[in-house]
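Shown next, in structure tokens, is the structure this report addresses.
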Amino acid sequence: MGDIAFLLIIFFMLVSNFMKTANVDMEEARAADLEQQEAAKESVTMDRNGDIWFQGQKVGANEVADLLKPLVEADKTLAVHVSIHQGLDYKTFNPLIQAVSESGARLILTGQLED
């Protein structure tokens, strides 16, 4: 019985990690000059439709700050990687940038190196 319980615990731990990475249709912005950054502890993505994904779950811009604030309180140096679809304009992604800034987290914009 203990073996079955142990295997179930491992199974659910693995499944929960897979659930964090949603299947988001994403084309990251490109730049000629990018720096390698630390690995992301938290990530926020805005897809081509303007939908916001926090750790694989679809959320609203107003929810992002509320989700990040407890994490920032636990780790004052928290860096959040933000990926924004390259086709979006400033008016669309500005609420996301403001929400991350409001939370107190360090914001790191991610992208791809131009060819």
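Within the set SER83, SER101, the sole residue that is part of a helix (DSSP H, G or I) and among the hydroxyl-bearing types (Ser, Thr, Tyr) turns out to be SER101. Answer yes or no as to whether LYS69 is at pLDDT below 85 and basic (Lys, Arg). Answer is no for this residue.
Okay, residues lined up against (1) without any contact (Cβ under 8 Å) to a residue 60 or more places away in the chain; (2) in contact with a helix residue (DSSP H, G or I) (Cβ under 6 Å, 6 or more places away or on another chain); (3) surrounded by 14 or more Cβ atoms within 10 Å (Cβ to Cβ):
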site: GLY50; (1), (2), (3): yes, yes, yes
site: GLN57; (1), (2), (3): yes, no, no
site: ASN62; (1), (2), (3): yes, no, no
site: LEU67; (1), (2), (3): yes, no, yes
site: LEU78; (1), (2), (3): yes, yes, yes
site: ILE84; (1), (2), (3): yes, yes, yes
site: TYR90; (1), (2), (3): yes, no, no
site: ALA99; (1), (2), (3): yes, yes, yes
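Within the stretch 6-64, being modelled with pLDDT under 75, in a strand (DSSP E or B) and touching an Asp or Glu at 6+ places or on another chain (Cβ under 9 Å) holds for ARG30, ALA31.
The values are calculated or read from the model by the stated rules, or taken from the named source; none is laboratory data. This is a predicted model, so every value here is computed, not measured. Quick reminder, even Gly has a Cβ in these numbers, built from the backbone with ideal geometry, and neighbours come from all protein chains shown.
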